[in-house]
Amino acid sequence: MTIVEGTAVRGYQGIRNRIWAPLERHPVACLTFLYLLCVLAFLASTQLHHVDGHLTGSDGAYYYSYLPSLILDHDLDFTNQYAELVSGRETSRLRAIEGRPPNKYTIGSAVLWTPFFLIGHLLVLAVRAAGFPIPPDGIGYLYQIPTMLGSITYGFAGVLLLYWSCRRFFSRRVSAFSSILIWLATNLIYYMIAEPSMSHACSFFATALFLTLWLSFRPDPTLSQWLLLGLSGGLITLVRPPDATWLVLPAIDLALSAGRGWKGRLLRSTRGLVVLGMVAGIVFLPQFLLWQALDATPTIDGHASFTQYPVHFHWFSPHILSLLFSLHHGLFSWHPVLLFGAAGLFLLYRKNRALTLSLSIGFALQACVIGAWYGWPGGHAFGSRMLISSLPALAFGLAALTEWAAERRASAPILAAFAFIVWNALFFIQYRFGYIPKLSPITFHQMTVGKFEMLRDLPSRLQSMLQ
């Protein structure tokens, strides 16, 4: 080995040790540090120009509208909220029902955001008491910023839950490493920083919570544990009803884990599954009643069906391959780290057969539901945003692959992680600053060469958005 080669090897080993050592010794502190960076990045982004002058946008305006309408106005009339938060073109499509505009979106995110919204309301009242004429209408930045910080916090809580779930099967450094990749190398980071008013950070948290409880309680939960699973499963449906497919994990696990004493366990688990389903249904009941009050019909895509919002599914011709691999927000094409996560499930199979098959079937069901929906690309979407609830499942495959590589002292995990995170960061910038289309498929040139071409123009684009 030459002197240059030896120096390069020692330099790489030093970098690797500086990465692995903190993840092994202080994994939660490392994750918390990244959370604080996310908060700072979001606060800095509030200075960027927003088309409508608000931090809530797209679907987020509808999720957010529940808060000021129910908490401050004590009604379901979103007229004044939409006048401020929804663009004029979109407002013209909202046909009033008995004098009220509809809201096809679920209330789960608003329920989770409520404590943070109330903090914002207290801030506004304090500022008004100091003599500043800020209206307590639930619309201004003093309301929106704390609420969006709540969304970021739930995303971080989901990452922590994911880390603790992985720790049941992997070392601290592997669990933290995989959790960071799921966070920074996928669209989760985008919907925590750029569009926290969307439901996806809350969806990730709800799914990670259910997964953590399920792993903690398996293989034979008590009645009270089934009750907790039902509550967390109900939260999943209240945030995004299509994610309810993950509620089948305990049933799949039961079917795959038959052994000695299976008859008694089957009887107990059947009762438990009934409890889970009933409790989840009770948790979702307020949403159903709310939609009834708004004269809407619930649908499996997670949105209520109004006359002006038709919903279509193509169950016998789902776009699963396009959902996963196309340039139109494909899950694996936009975020290739997840393809390695899916491949790692084969390694996980050696460690835990029932867990692997349960997660794989759960992911397949989620892909079938979203792929069958007519709006599978997700409209304005950074990657396949509809599948963010699947990230916790793929994290286990990613952890298994990382462990396999780390045991061989391979350089691949760190080098690949760096590449995946940089790739995602460049994609983030492309999408956020308008270098690629948001609704239509991108080109292969935009996906590859375009990431570096934009760097020449980025300073001027950023300056214009700050004006």
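Derivation of every value follows stated rules applied to the coordinates shown; laboratory data play no part. Model, not experiment: these values are computed from the prediction. Virtual Cβ from ideal backbone geometry, glycine too; neighbours counted across all protein chains shown.
The figures follow:
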quantity: Length-normalised contact order for the range 3-466 - Cα pairs under 8 Å, 6+ apart - percent; calculated: 17
quantity: FRET efficiency, residue 47 to residue 222 (Cβ-Cβ, R0 45 Å, nearest 0.05); calculated: 0.35
quantity: Value of Rg/Rh across the range 3-466 [Cα atoms, Kirkwood radius]; calculated: 0.97
quantity: Packing-based exposure ordering (other Cβ within 10 Å, fewest first) of 30, 368; calculated: 368, 30
quantity: Sorted peptide list for 230-240, 284-294, 137-147, criterion being average Cβ within 10 angstrom, highest first; calculated: 230-240, 137-147, 284-294
quantity: Sorted by Cβ neighbour density within 10 Å, fewest at the top, the residues 246, 423; calculated: 423, 246
quantity: Gain on full stretching of the segment that runs from residue 315 to residue 74 - 0.36 nm per residue minus C-alpha separation; calculated: 82.8 nm
quantity: Highest-first arrangement of 165-172, 123-130, 206-213, 220-227, where packing means the average Cβ count within 10 Å; calculated: 206-213, 165-172, 220-227, 123-130
quantity: Spacing of the two label points (7 Å from each Cα toward its C-beta) at residue 128 and residue 34, in nm; calculated: 4.1
quantity: Gain on full stretching of the segment that runs from residue 325 to residue 118 - 0.36 nm per residue minus C-alpha separation; calculated: 70.3 nm
